[in-house]
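The values are calculated or read from the model by the stated rules, or taken from the named source; none is laboratory data. Remember, it's a predicted structure, so these values are computed and weren't measured experimentally. Cβ sites come from the backbone with ideal geometry, for glycine too, and all protein chains shown count toward neighbours. Ligands, DNA and RNA are excluded from the accessible area calculation, which covers all protein heavy atoms including side chains. Shrake-Rupley method; radii C 1.70, N 1.55, O 1.52, S 1.80 Å.
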Amino acid sequence: MEYVILDIETTGLDPEYSAIIEVGAVLVSKNKIQAEYSSFVRYEDEVPYNIKKLTGITTEMVKDAPPLSEVLKELGAFIGKRPVVSHNGFSFDFKMLARNGFPIEEKYDSMELAFFVLPTNPTGHSTKALSGYFELGDVPHRALEDCRLEFDIIKRLLKEYASRPKDQLSALKWTAERGGWWWAEMLPGKPESQGPISGLVQAHVPYRKRDATQTQMLLETKKIDTERVRALFSPTPEYLEERPEQRDMALTIADSLNNHTHCVIEAGTGVGKSKAYLVPSVLFALENQIPVIVSTFTKALQDQLFFKEIPHLCKITNKDLRVAVLKGKHNYVCLQKFDELAEETLQTLPTRSLYEFGHDEVKFTPRLAVVLLSSWILTTGRGDWDELPYWLVDRIHKNIEGDVCNSDELCTSGICDLFDAQKCFFAKAKLRAGDADLVIANHAVVLSGIIPTDGTEATTDDSDEAEQNGVQPNRTHAVFPNEARFLILDEAHHLEQAATSAWSEIVSAPGLQRLLQQMYGKKGVDKRLQTIAKNKANERLVGLATNFAGLEQDTKLAINNLFDDIIPAIMPPRGTSGWSEYLAFSTIEMTPDHAKVLKDSLSNIASRLRSMASILKAFADDEENPVLKKVLTIRARRALITADSIDIITDDGPAYVRYIERRGGIIEIKADLLSVAETLKEEVYDNFESVILTSATITIGQTFNFFDDRCGTNLVEAAKIKHRLLPSSFDYEKQVQFLVPEGIAYGSGEAVRLHYELSKNLIEEGVIAAGGGALILCSSHPQVESFYNDLVRPFAKSGLYLLRQIRGRSVGSVVREFAEDVHSVLVGTRSLWQGVDVPGPSLRALFIIKLPYDPPGNPVNEARKETYGGGWRGFSEYSEPLAVLALKQGFGRLIRKATDKGVVVMTDDRILRKRAFTTSFPKGVVVKRADKATILAALSALRPSGE
Ligand code: SF4
């Protein structure tokens with residue numbers, strides 16, 4: 001096999017504005033480098049400082065070199081008709097060459113091979129990461145040397161890959177050849193189909209055998225030794241810094257776990273709260289052989305705890321910990337769906353390219369996605385979609401994620417073979433969660449998993465088991481075993497929001513259509529009912545099956561009528577802001593006709609769903625086949641749950657706020673709890689032995705009143721709960737400057753555009769002055785896209801790499817990428833305001849575009865404001881405290897350790913007039929107005945030393 005490896009050096013990262021200054025290539029044949037080509041390219045300007053520093057190429061080296069046209073001609077002759085390989089070539093080298101009139105016909109990117117061989121490499125797939133992995137030394141950043149290094153990496157990758165089990169090599173080679181992947185020829189192994197890829201996936205390996213006595217509710221637990229906890233927070237030879245607040249926090253938590261009490265702790269940034277709660281949790285879990293659940297609001301923090309904190313924890317406690325991460329089921333790849341997609345896409349030999357080359361990007365076809373994901377599926381232990389690297393997810397079509405991720409509730413034993421075989425990733429995640437010392441979950445999983453003890457809403461084996469074990473706490477959990485009654489809720493400032501969403505009743509057209517699909521679609525139950533009735537020759541069942549079939553059309557019509565006619569007639573026309581649009585039922589009720597039509601239509605659908613459920617239940621009661629009985633029962637339950645949600649939505653009781661929301665073209669009809677305080681008390685504080693609620697931003701004006709009121713901790717008996725406020729240990733006066741630029745005023749209407757333009761211009765100059773290392777916090781996804789589109793080019797021209805948060809995708813991998821490079825810049829919204837922990841110079845400048853008030857119009861917020869008296873009082877007692885907490889969170893991203901220094905630039909001057917905000921920051925933070933020159937000087941001073 002003969003091919004050319006190519007690399008270029010340039011004056012920047014933007015293919016449009018940067019110049020090529022060096023070209024290198026090697027010709028590989030018979031697995032050896034047979035020839036080499038290298039040349040500088042003439043460049044008459046000054047080589048930028050950062051490029052000179054990175055590559056060692058100086059202006060003198062290139063000013064008299066041959067012109068690009070001559071070099072490209074020679075390069076063309078060197079390549080001939082051979083295929084060309086470049087690492088990250090699709091993102092850069094090939095693009096850059098094409099813009100300079102040198103399109104390459106047959107081109108391949110070795111990032112794909114790197115991912116195929118090392119899909120879960122924690123440091124990624126860049127040349128630097130791979131060179132580090134194979135211990136090949138620093139990347140030279142010189143074109144020819146980089147080509148040689150690249151060839152070494154390819155050889156090492158293939159050698160490493162060859163050590164995989166034989167059946168994997170055969171299956172993957174078969175898949176790669178079938179998929180038409182160019183790299184297939186180089187892969188070792190004999191191509192042979194081994195059946196579906198799921199067949200080769202490892203089954204769950206239990207950590208410890210569940211002992212029957214362990215499932216009893218352990219009211220008696222052994223106490224952990226607080227002296228041991230204290231010792232683990234004493235200075236060590238490697239870590240001399242004394243952190244009294246962190247030790248205090250750990251001891252407080254140890255005390256709560258030991259005595260089965262609750263605790264609310266605000267721990268300022270720098271206290272090191274993750275370690276402070278993880279250490280006592282792990283000691284307590286190991287001492288008692290029961291799991292402690294750590295729950296975060298964001299998936300980003302879940303990943304951060306798992307990848308960053310847990311390895312450190314194992315080291316300091318000297319324990320081999322069993323830690324499980326558990327996310328919602330849609331995060332996991334469904335092996336059954338993946339097998340189906342693979343079969344569908346690999347059925348025929350490829351006739352088309354595996355790549356779709358657009359103007360500025362390359363997309364991977366489903367066929368290529370199947371080839372690459374097959375290797376990942378056989379390597380990943382978790383099957384968590386968030387584990388995939390940013391560059392790959394960005395190239396795979398969004399619908400592939402929906403095609404292969406878990407969405408069906410029929411994921412249970414006796415129905416899916418992969419579940420029974422304990423191969424299914426979601427099933428394994430749940431088994432691990434029931435088997436671990438520490439479970440890192442999120443608030444959505446924890447709160448929505450709480451179910452009544454009779455298990456009526458359970459859909460998993462775990463809940464079935466909980467039902468049968470004779471334990472009778474008030475509530476059980478769909479996922480965790482009963483002894484998991486010790487809970488740490490981090491990011492507790494989001495608890496009200498998380499509980500509101502977890503316990504929200506929602507009806508939407510896609511949700512109802514999915515339900516009908518499960519009843520009447522390709523894999524629906526209606527045909528089965530007819531077959532059962534016929535086979536049993538049972539007239540009653542024949543009649544019921546006919547009735548069931550008859551419900552399809554009527555229900556479809558009712559759903560279409562509701563979402564296509566009634567709601568559009570009631571709701572105002574769709575706006576263009578990108579915000580959610582709402583219509584509260586309380587507003588509709590001002591027009592009684594509309595309210596009646598809407599409620600009648602919903603009730604009509606609910607009554608049909610109840611009819612379906614009762615027919616399914618009749619069949620289930622009559623059914624002897626246990627699998628079929630289970631399928632019918634689960635479908636009936638699904639229909640009933642939806643009908644119950646509709647009942648709550650159409651009811652008039654004061655506990656809920658009912659409204660219609662239109663978001664991104666999807667309409668949802670919802671009922672949210674007006675207050676979650678009572679429910680949190682009943683479902684969480686009364687049911688868990690010990691709940692620790694912590695965050696860096698809980699208090700307003702040094703008091704817990706707002707949090708207690710919103711989250712129901714004031715309803716817990718005083719002896720069972722305590723509060724602690726632990727200040728930050730940072731010296732903010734020395735470490736941070738908080739600047740509000742002169743001449744940029746936040747405004748509404750026409751002024752919004754001007755505010756955006758002025759902010760963008762300042763950010764462009766400011767980020768370039770700081771040399772990158774900046775986080776830009778926006779208030780919406782459309783704003784993120786605008787900043788990204790406007791700034792990506794100018795930043796690239798200055799050698800800065802702009803990353804962005806992508807709507808609907810976890811931010812874990814993009815934050816990891818941002819943290820790795822001190823010259824990168826990240827722009828994002830909501831999820832980046834909290835839970836992002838990037839200490840050191842990678843994050844040294846923080847731009848905040850506006851005060852983080854929730855957008856107006858949300859009926860739940862409006863109704864909650866009314867409970868404070870509405871108007872200005874509602875605003876100042878509900879909306880403002882929420883915005884203060886959000887801003888404190890955003891600010892907290894910047895200074896993460898005692899040696900960090902940074903600048904905050906806030907382009908919303910309203911902050912200067914609002915004491916609630918300026919007085920809420922930690923001691924030493926002074927919010928000041930500053931002119932542009934001062935801001936740019938402050939940012940320039942942040943440039944990494946030597947630049
Ligand atoms: S149990 Fe559900 S998610 Fe798991 S493989 Fe089966 S169908 Fe897919």
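Miscellaneous remarks
- Residue in the stretch 382-404 that is free of Cβ contacts under 8 Å to residues at least 12 places away in the same chain, more than 12 Å from the ligand (Cβ to nearest atom), part of a helix (DSSP H, G or I) and among the small types (Gly, Ala, Ser) present: yes
- Residues in the stretch 630-660 that are more than 24 Å from Leu616 (Cα to Cα), open to solvent by 10 Å² or more (accessible area, probe 1.4 Å) and within 30 Å of the chain's Cα centre (by Cα): Tyr656, Val657, Arg658.
- Within the stretch 86-108, the set of residues being free of Cβ contacts under 8 Å to residues at least 60 places away in the same chain, open to solvent by less than 50 Å² (accessible area, probe 1.4 Å) and not hydrophobic (A, V, I, L, M, F, W, C) comprises just one member, Lys107.
- The sole residue among Leu346, Leu373 that is under 24 Å from the mean Cα position of the chain (by Cα), more than 26 Å from Phe480 (Cα to Cα) and open to solvent by less than 20 Å² (accessible area, probe 1.4 Å) is Leu373.
- Only listed residue being open to solvent by 10 Å² or more (accessible area, probe 1.4 Å), under 28 Å from Val627 (Cα atoms), near the ligand (Cβ under 9 Å from one of its atoms) and under 19 Å from the mean Cα position of the chain (by Cα), chosen from Phe419, Phe426: Phe426
- Selection of helices (runs of 4 or more DSSP H) fully inside the stretch 547-640 by the criterion of at least 1 residues being within 22 Å of Gln513 (Cα to Cα) returns 567-570, 592-622.
Every residue, every condition in (1) under 21 Å from Ser695 (Cβ atoms); (2) touching a strand residue (DSSP E or B) at 6+ places or on another chain (Cβ under 7 Å), yes or no:
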residue	(1), (2)
His260	no, yes
Gly268	yes, yes
Ser281	yes, yes
Gln289	no, no
Phe297	yes, yes
Leu305	yes, yes
Cys314	no, no
Thr317	no, no
Asn331	no, yes
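- Residue that is modelled with the lowest pLDDT, among those in the stretch 461-480 that are in a loop (DSSP other than H, G, I, E, B) and crowded, with 22+ Cβ neighbours inside 10 Å: Val479
- Some residue of the stretch 746-758 being among the small types (Gly, Ala, Ser), over 18 Å from Phe891 (Cβ atoms), open to solvent by less than 20 Å² (accessible area, probe 1.4 Å) and at pLDDT below 95: yes
- Members of the stretch 816-832 that are over 22 Å from Glu764 (Cβ atoms) and either in contact (Cβ under 8 Å) with a residue 60 or more places away in the chain or touching a Phe, Trp or Tyr at 6+ places or on another chain (Cβ under 8 Å) (or both): Arg816, Glu820, Ser831
- Leu75 being without any contact (Cβ under 8 Å) to a residue 24 or more places away in the chain and surrounded by 15 or more Cβ atoms within 10 Å (Cβ to Cβ): no
- Breaking point among (1) more than 16 Å from the ligand (Cβ to nearest atom); (2) under 25 Å from Glu160 (Cβ atoms); (3) in a helix (DSSP H, G or I), for Thr379: (3)
- All positions within the stretch 17-34 that are aliphatic (A, V, I, L, M) and open to solvent by 10 Å² or more (accessible area, probe 1.4 Å): Ala19, Leu27, Ile33
- Those residues of the stretch 182-200 which are at negative phi and away from the ligand (no atom under 16 Å from the Cβ), in sequence order: Trp182, Trp183, Ala184, Glu185, Met186, Leu187, Pro188, Lys190, Pro191, Glu192, Ser193, Gln194
- Check on Gly664, surrounded by fewer than 18 Cβ atoms within 10 Å (Cβ to Cβ), small (Gly, Ala, Ser) and within 29 Å of the chain's Cα centre (by Cα): yes
- Scan the stretch 921-936 for residues that are in contact (Cβ under 8 Å) with a residue 40 or more places away in the chain and small (Gly, Ala, Ser) and the total you get is 2.
- Here Arg432 fulfils each of the conditions (1) within 16 Å of the ligand (Cβ to nearest atom); (2) under 18 Å from Gln302 (Cβ atoms); (3) open to solvent by 20 Å² or more (accessible area, probe 1.4 Å); (4) at pLDDT 90 or above apart from (4).
- Taken as a whole, the condition of being surrounded by 16 or more Cβ atoms within 10 Å (Cβ to Cβ) and either assigned to a helix (DSSP H, G or I) or more than 32 Å from the chain's Cα centre (by Cα) (or both) does not apply to Leu487.
- Taken over the stretch 320-347, the criterion of being in a helix (DSSP H, G or I) and either of a type in the set (Phe, Trp, Tyr) or over 24 Å from Leu301 (Cα atoms) (or both) is satisfied by Leu335, Gln336, Lys337, Phe338, Asp339, Glu340, Leu341, Ala342, Glu343, Glu344, Thr345, Leu346.
- Out of Leu313, Leu305, Leu335, Leu326, sole residue that is within 30 Å of Arg228 (Cβ to Cβ), surrounded by 20 or more Cβ atoms within 10 Å (Cβ to Cβ) and within 16 Å of the ligand (Cβ to nearest atom): Leu326
- Single residue of the stretch 288-308 satisfying the filter (among the β-branched types (Val, Ile, Thr) and modelled with pLDDT under 90) that is nearest to Thr697 (Cα to Cα): Thr298
- Just one of the listed residues (Gly179, Gly132) is in contact (Cβ under 8 Å) with a residue 12 or more places away in the chain and open to solvent by less than 60 Å² (accessible area, probe 1.4 Å), and it is Gly179.
- Residue within the stretch 442-449 that is within 16 Å of the ligand (Cβ to nearest atom) and open to solvent by 10 Å² or more (accessible area, probe 1.4 Å) present: yes
- A single entry from Thr59, Thr55 fulfils the requirement of being surrounded by 15 or more Cβ atoms within 10 Å (Cβ to Cβ) and of a type outside the set (Gly, Ala, Ser): Thr55.
- Entirely in the stretch 7-89, the strands (runs of 3 or more DSSP E) that have 2 or more residues that are modelled with pLDDT under 95: none
- Matching residues, the stretch 893-920, being within 25 Å of Lys273 (Cβ to Cβ), assigned to a loop (DSSP other than H, G, I, E, B) and in contact (Cβ under 8 Å) with a residue 60 or more places away in the chain: Arg893, Leu894, Ile895, Arg896, Lys897, Ala898, Asp900, Lys901, Thr919, Ser920
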